[in-house]
Amino acid sequence: MRELPGNRGDTNPLRVVPAVYPLPHSRARCALRASERASTIATLGLGKLHRRRGDREQAEEHLTTAMEMYREMGMTYWLEQAAVETRQLV
């Protein structure tokens with residue numbers, strides 16, 4: 001539990017109010033992560049689109065970028081989806 005104003009020095013856990021709302025910067029961080037995930041999924045979509053249209057160079061660029069981003073974010077499911085698309089470039 002995080003100590004809130006008014007809780008200082010009170011050692012009785014029944015009177016300490018838990019901090020249930022995230023800090024503003026936590027919400028901003030969550031929003032940024034959601035934005036990054038959406039951007040990466042869009043990059044994968046562009047890679048798929050270019051592959052289907054036969055533009056191998058653009059497809060490879062987008063798919064490679066998506067795979068790097070998924071790897072950095074630890075998004076293994078989407079990393080595998082990008083790898084499948086990349087294998088289909090051949």
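Show the residue pairs that are 6+ apart or on different chains and have beta-carbon atoms under 6 Å apart, the first residue being within region 30-44 and under 12 Å from Met69 (Cα atoms), the second being surrounded by 15 or more Cβ atoms within 10 Å (Cβ to Cβ).
Taking only residues 6 or more apart or on different chains, the pairs are Thr40/Ala66; Thr40/Met69; Thr43/His62; Thr43/Thr65; Thr43/Ala66; Leu44/Ala66; Leu44/Ala82.
When the residues of region 24-74 are narrowed to those that are among the aliphatic types (A, V, I, L, M) and modelled with pLDDT under 90, which ends up surrounded by the most Cβ atoms within 10 Å (Cβ to Cβ)? Steps first, please.
Restricting attention to region 24-74, the residues satisfying the condition of being among the aliphatic types (A, V, I, L, M) are 28, 31-32, 34, 38, 41-42, 44, 46, 49, 59, 63, 66-67, 69, 73.
Now narrow it down to the ones that are modelled with pLDDT under 90: 28, 31-32, 34, 38, 41, 73.
On the way: Ala28: 11, Ala31: 10, Leu32: 10, Ala34: 10, Ala38: 10, Ile41: 16, Met73: 14.
The residue in question is Ile41.
The values are calculated or read from the model by the stated rules, or taken from the named source; none is laboratory data. This structure is a prediction, so every number in the text was calculated from the model and none was measured. So basically every Cβ, Gly included, is an ideal-geometry build from the backbone, and we count neighbours across all protein chains shown.
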